[in-house]
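Derivation of every value follows stated rules applied to the coordinates shown; laboratory data play no part. Please read all numbers here as calculations on a predicted model, not as lab measurements. Neighbour counts are summed over all protein chains in view; Cβ atoms, including those assigned to glycine, are modelled from backbone coordinates with ideal geometry.
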Amino acid sequence: MSLSEIEIDTILIEAGVSSQQVLVGTTMLPYTPKVIKLLNQGLSPISLEIVESCNDSKRPDYENYPEFKAIKRDSNILTIDVSIVANCCYNFLGEAEINGDTLNLLYTGYGNFCSCSCCYTLRYKFDTTMEENYQLLKHVTVNGIANKIGDIPNE
């Protein structure tokens with residue numbers, strides 16, 4: 001049998017081996033079930049980053065956190081800055097989900113453990129180009145904390 005006579009009818013690709021994803025620092029989790037559902041609802045995560053640490057000279061008042069610092073739309077980009085209190089040595093992994101007209105921002109701290117708590121301001125960014133085809137978000141929460149609600153502007 002020569003090579004010109006061989007016909008390939010099956011290609012075997014091992015499941016889940018297409019690439020290796022290494023998560024480093026503070027970032028949005030890529031393509032988790034929650035993120036895929038978010039994409040199907042017209043909201044595309046762009047990034048999660050730490051934009052500011054709070055003043056270390058005073059201890060954070062835990063009752064005030066999480067606290068929304070800024071919620072703004074710029075064309076099709078929704079940017080939400082939220083201050084949280086967490087372990088001083090943590091980085092953060094983020095996700096989000098939509099419940100009705102509320103965007104619930106999720107974060108999980110990970111990394112080394114220090115014996116102190118610090119204040120961080122996390123910035124979530126989303127592309128809202130397709131959101132108008134589905135629904136208009138009105139509110140935002142963090143990790144499902146119902147008594148800490150921010151309002152999302154229409155424009």
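Computed from the Cα positions only, the extents of the stretch 21-151 along the three principal axes stand at 46, 34, 24 Å, in decreasing order. By the beta-carbon count within 10 Å of each Cβ, the least crowded to most crowded order of Leu78, Leu103, fewest first, is Leu78, Leu103.
Note on the stretch 83-149: along the principal axes its Cα atoms extend 46, 24, 15 Å, ordered by decreasing extent. How big is the gap, in Å, between the Cα center of the stretch 31-49 and the Cα center of the stretch 89-138? Their Cα centres are 10 Å away from one another. Here's the list of lysines a cross-link from Lys37 could span, going by alpha-carbon distance under 26 Å and ignoring same-chain residues fewer than 8 apart: Lys72, Lys125, Lys138, Lys148.
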